[in-house]
Structure formats: C-alpha cells, structure tokens
Amino acid sequence: MGDDGKLCYFESHLKYQIITREVTLQRKSKKTPWGINVSNIIARLDDGLQLYLATVQSLDEKGIAKKMGLKEHDQILEVNGKCVRDWTSDNLLAELTECTSVVIVIITVEDRAVTDLFLMASREHDLSYLWALRKLVKLSICNIDFSGEGLDVSTITTLLQELIVTNCSLKCITQIKGLSRLKSLKRLILTHNSLTDLDDKTMLKLKELTDLQLGYNLIRSFPNVVTKMEKLEELSLIHNQISLLPDEVVQMRSLEKLHLDNNVLTELPEYVTLQLPQLRALTLENNKLKPNTRSTQQTRSKFYYKIGLE
C-alpha cells in the first residue's frame with residue numbers, strides 16, 4: 001500500500017482487459033449452412049441458476065464460420081448484441097438459423113483462463129463479460145462509478161479469493177450484488193468509497209474472509225458484524241470517523257492486525273491489549289487519545305507501531 005493509503009500495483013502478470021474478438025458471418029440465404037457445431041458447458045450457481053458456456057465444438061473445413069475466423073473451443077459471449085449466457089446450444093443454433101448476417105463476440109480458451117484482472121474506467125464494458133472467466137481468482141476494479149446501479153458479481157466464479165473495489169463511489173455494500181455468494185473470498189478491499197456501514201447478512205456469509213480493508217470511507221461506528229467473523233486476521237478502518245470501540249471486539253480471537261489511524265477515538269479500552277491474544281500490530285495515529293490513561297500506556301509499550309496522541 002502506498003504512503004497515501006492507496007493501493008499500488010506492480011505485478012507484471014496482471015491483465016488489464018478482457019480480450020474478446022468480434023466475428024461477422026454472412027450468407028446469401030438461410031439454406032446455406034454456417035458450418036458450426038456448438039456445445040454447452042453448464043456452470044451451476046449456488047442459487048439454483050445455471051450458466052450455459054457456449055463453446056465451438058467443431059467447424060466444417062469449408063464452412064463460412066471457419067473461413068471468417070472462428071476456431072474450435074472459442075467461447076461465444078454474444079450474438080447480434082445479445083448475451084448468450086442463458087442460452088442452451090439449441091437456443092443459440094435457432095438464433096443462427098434465422099439470420100443471414102450474424103455478429104458474434106467470442107473469447108479464446110487462453111483469454112478466458114485469466115486468473116488476475118484489473119479493470120479501470122476505460123474498461124467498464126468488460127464487466128459484462130466477467131461471467132465467462134471461470135478461473136478468476138483476483139479481481140481489482142478502480143475508478144468506475146457504481147453509485148447508481150452498483151457492481152453485479154452474481155454470476156462471477158465462486159473461486160474468487162480477492163476482490164478490490166476502490167474509488168468507485170460505493171455508498172453501501174449491498175451495491176455489490178451477489179457478494180455474499182463468494183464463499184472462497186479471503187480478501188476484500190473497499191477503500192476510497194462512501195460507505196457508512198456494512199450489511200450483516202452479507203458479511204456473515206463470507207466465512208473464509210481473513211483480510212478486510214475499509215479505509216477512506218464515511219464510517220462513524222465500528223461495524224459490530226466484523227466481531228462475528230471468526231477467521232478475520234486483519235482489519236483496516238483508517239481515515240473514517242469512528243469514535244468508540246465496542247466491547248464485542250474481544251470476540252475477535254483471530255485478529256492479528258488492527259489499523260485505526262485517522263479516526264476520532266478518544267479512549268482505548270484496556271481489553272484491546274489484554275484480551276486479544278493474537279493481536280501483534282495496532283496502529284492508532286492521528287486520533288484524539290488521552291496520553292496518560294493506563295490502556296494507552298500499555299498499548300504504547302506492547303506494540304511497535306506508533307500511537308498518535310493529542
């Protein structure tokens with residue numbers, strides 16, 4: 001993380017876009033075959049719904065589809081501007097049968113195997129293709145405005161382990177639609193937004209979450225729901241407006257790092273140092289803590305990190 005609290009990206013292996021290709025097929029009449037066979041791989045979602053991943057199974061050597069650039073194992077994403085994730089292979093072939101001109105958007109085997117994706121404002125359209133990346137493990141999104149319709153991850157793979165949505169004007173966590181179904185999520189970063197609170201129902205379903213970063217938001221009260229997240233090891237609430245730590249903090253038995261810099265805390269309860277056995281890093285700079293309280297002195301001596309005193 002950079003000195004200004006914003007995330008820095010240096011990994012050269014990151015993909016910054018979803019690479020797709022558009023292919024236009026034309027024929028003189030509906031009787032002329034396209035020369036394409038399509039099969040479906042079915043991806044079943046937790047809520048009982050399923051996605052149909054339409055894949056080119058085979059191509060006739062002299063057929064129109066092969067001549068125009070389609071390849072075996074290409075996955076079809078759109079036909080004439082229509083998303084095909086809910087179409088069976090029969091639906092897809094019926095659509096192709098009725099047309100003499102077809103525009104198909106496809107993604108190759110290699111390009112849909114992306115595991116680490118970082119999207120910025122210029123790639124906003126790529127969000128509509130996230131459902132096709134069934135091996136995605138890390139998704140980072142920055143500078144895309146979600147204040148209106150929000151971010152929809154309801155069809156994204158549940159293999160996702162890390163989700164970063166920063167500087168995206170989120171006002172509430174429920175604007176990330178389908179977040180609660182990401183059962184494998186270990187790291188969630190929602191910094192530089194306009195969040196005021198968390199949704200208990202959503203957060204409690206993220207049972208594998210170990211790292212939660214909510215810095216640079218508008219949170220006034222310590223979100224009690226995090227005290228019920230049994231695997232949480234690191235929590236950052238820097239640059240918010242929190243004035244009080246609740247007693248329930250002692251329930252966070254797995255917590256190793258707690259970052260509360262740049263809030264308005266006036267007192268640090270004694271149990272923070274006495275009853276959190278795993279805690280090894282605590283940062284409290286730029287708060288309004290009283291310098292001579294027993295808990296402040298204990299914290300100052302126990303932790304290497306500085307504690308800002310008024």
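Some points to look at:
- The set of residues in segment 16-59 that are more than 30 Å from Leu119 (Cα to Cα) and part of a loop (DSSP other than H, G, I, E, B) comprises Arg27, Lys28, Ser29, Lys30, Lys31, Thr32, Pro33, Trp34, Gly35.
- Comparison of Lys135, Lys82 shows that the only residue that is closer than 24 Å to Arg27 by Cβ, open to solvent by 60 Å² or more (accessible area, probe 1.4 Å) and of a type in the set (Lys, Arg) is Lys82.
- Exactly one residue among Ser180, Ser154, Ser169 is part of a helix (DSSP H, G or I), open to solvent by 30 Å² or more (accessible area, probe 1.4 Å) and of a type in the set (S, T, N, Q), and that residue is Ser180.
- Residue check for Thr227: modelled with pLDDT of 95 or more, hydroxyl-bearing (Ser, Thr, Tyr) and either open to solvent by less than 10 Å² (accessible area, probe 1.4 Å) or part of a helix (DSSP H, G or I) (or both): yes
- Pairs linking a residue in segment 60-79 that is touching a residue at least 24 places away in the same chain (Cβ under 8 Å) and of a type in the set (Lys, Arg) to a residue that is buried (at least 18 other Cβ atoms within 10 Å of the Cβ) and not in a loop (DSSP other than H, G, I, E, B), with Cβ atoms under 6 Å and 6 or more positions apart or on different chains, are Lys66/Leu59.
- Residue within segment 88-98 that is assigned to a loop (DSSP other than H, G, I, E, B), in contact with a strand residue (DSSP E or B) (Cβ under 9 Å, 6 or more places away or on another chain) and over 22 Å from Leu51 (Cα atoms) present: no
- Residues being within 26 Å of Ser243 (Cα to Cα), assigned to a loop (DSSP other than H, G, I, E, B) and in contact with a Phe, Trp or Tyr (Cβ under 8 Å, 6 or more places away or on another chain) are represented in segment 192-200 by at least one member.
- Unmet criterion (only one of (1) open to solvent by less than 50 Å² (accessible area, probe 1.4 Å); (2) farther than 19 Å from Ile41 by Cβ; (3) touching a residue at least 40 places away in the same chain (Cβ under 8 Å); (4) assigned to a helix (DSSP H, G or I)) for Phe118: (4)
- Per the conditions (1) touching a Leu at 6+ places or on another chain (Cβ under 7 Å); (2) among the acidic types (Asp, Glu); (3) over 22 Å from Leu163 (Cα atoms), the sole criterion not satisfied by Asp247 is (1).
- Any hit, segment 186-208, residues being within 30 Å of Ile107 (Cα to Cα) and open to solvent by 20 Å² or more (accessible area, probe 1.4 Å): yes
- Subset tally (residues that are more than 15 Å from Leu212 (Cβ to Cβ) and within 11 Å of the chain's Cα centre (by Cα)) for segment 161-192: 2
- Output for segment 16-55, where each listed residue is in contact with a Ser or Thr (Cβ under 8 Å, 6 or more places away or on another chain), within 17 Å of Ala132 (Cβ to Cβ) and charged (D, E, K, R): Arg21
- Taken over segment 157-166, the criterion of being among the hydrophobic types (A, V, I, L, M, F, W, C), part of a loop (DSSP other than H, G, I, E, B) and either at pLDDT 95 or above or in contact with a Lys or Arg (Cβ under 6 Å, 6 or more places away or on another chain) (or both) is satisfied by Leu160 alone.
- The residue that is nearest to Cys168 (Cα to Cα), among those in segment 187-224 that are of a type in the set (Ser, Thr, Tyr) and out of contact with any strand residue (DSSP E or B) (no Cβ under 6 Å at 6 or more places or on another chain), is Ser194.
The values are calculated or read from the model by the stated rules, or taken from the named source; none is laboratory data. What you see is a predicted model; the values in this text were computed from it and never measured. Quick reminder, even Gly has a Cβ in these numbers, built from the backbone with ideal geometry, and neighbours come from all protein chains shown. Remember, those area values only see protein heavy atoms, side chains included, never the ligands or the DNA or RNA. Shrake-Rupley method; radii C 1.70, N 1.55, O 1.52, S 1.80 Å.
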